[in-house]
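The values are calculated or read from the model by the stated rules, or taken from the named source; none is laboratory data. Here the structure is a predicted model, which is why all the values come from computation and not from measurement. Cβ placement follows ideal geometry from the backbone for every residue including glycine, while neighbour counts extend to all protein chains displayed.
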Amino acid sequence: MAETKKERYRRVRGAVLKLLAHQHPGPLDIKEIHFLLDDLGLTIREEELRSHLCYLKEKGFVKIEERKSGGVEVEMVRITADGLNVLNGFQKDLGIDVRF
């Protein structure tokens, strides 16, 4: 049975949270997240990744910080305590599937 668009969105968001949890308490660069998702077989466009990150940020599950490194701006993403709670099953959210 083919995966629906909604199910895929949930899987991608769950994968993002899991990747960030492995780095916790440190952040990951948005480009790193994009490459890691591709490695997991969840290939998406950068615009789609930004949409998922915006969703997760609005829910309070991630924080996005802009940093300058050698004159280049880099966006770093960090999981919040609420994001960790979603992964641990302490907080239910229908927009994220962490069971993969």
Which of the numbered conditions does Phe90 fail, given that it passes all the others? Conditions: (1) assigned to a helix (DSSP H, G or I); (2) modelled with pLDDT under 90.
(1)
With (1) more than 17 Å from Arg99 (Cβ to Cβ); (2) touching a helix residue (DSSP H, G or I) at 6+ places or on another chain (Cβ under 6 Å) as the list, and Ser51 as the residue in question, which single condition is left unmet?
(2)
Given the conditions (1) of a type in the set (D, E, K, R); (2) touching a residue at least 60 places away in the same chain (Cβ under 8 Å); (3) part of a loop (DSSP other than H, G, I, E, B), report the number of the one that Arg11 does not fulfil.
(3)
Considering only the stretch 41-55, state which residues are assigned to a loop (DSSP other than H, G, I, E, B) and surrounded by fewer than 14 Cβ atoms within 10 Å (Cβ to Cβ).
Gly41, Thr43, Arg45
So Val72 fits all but one of (1) at pLDDT 95 or above; (2) out of contact with any strand residue (DSSP E or B) (no Cβ under 6 Å at 6 or more places or on another chain); what number is the exception?
(1)
Among the listed residues Lys63, Lys31, Lys68, which satisfies the condition of being assigned to a helix (DSSP H, G or I) and surrounded by fewer than 16 Cβ atoms within 10 Å (Cβ to Cβ)?
Lys31
Inspect all residues belonging to the stretch 63-73 and state whether any of them is touching a residue at least 40 places away in the same chain (Cβ under 8 Å) and of a type outside the set (Ser, Thr, Tyr).
no
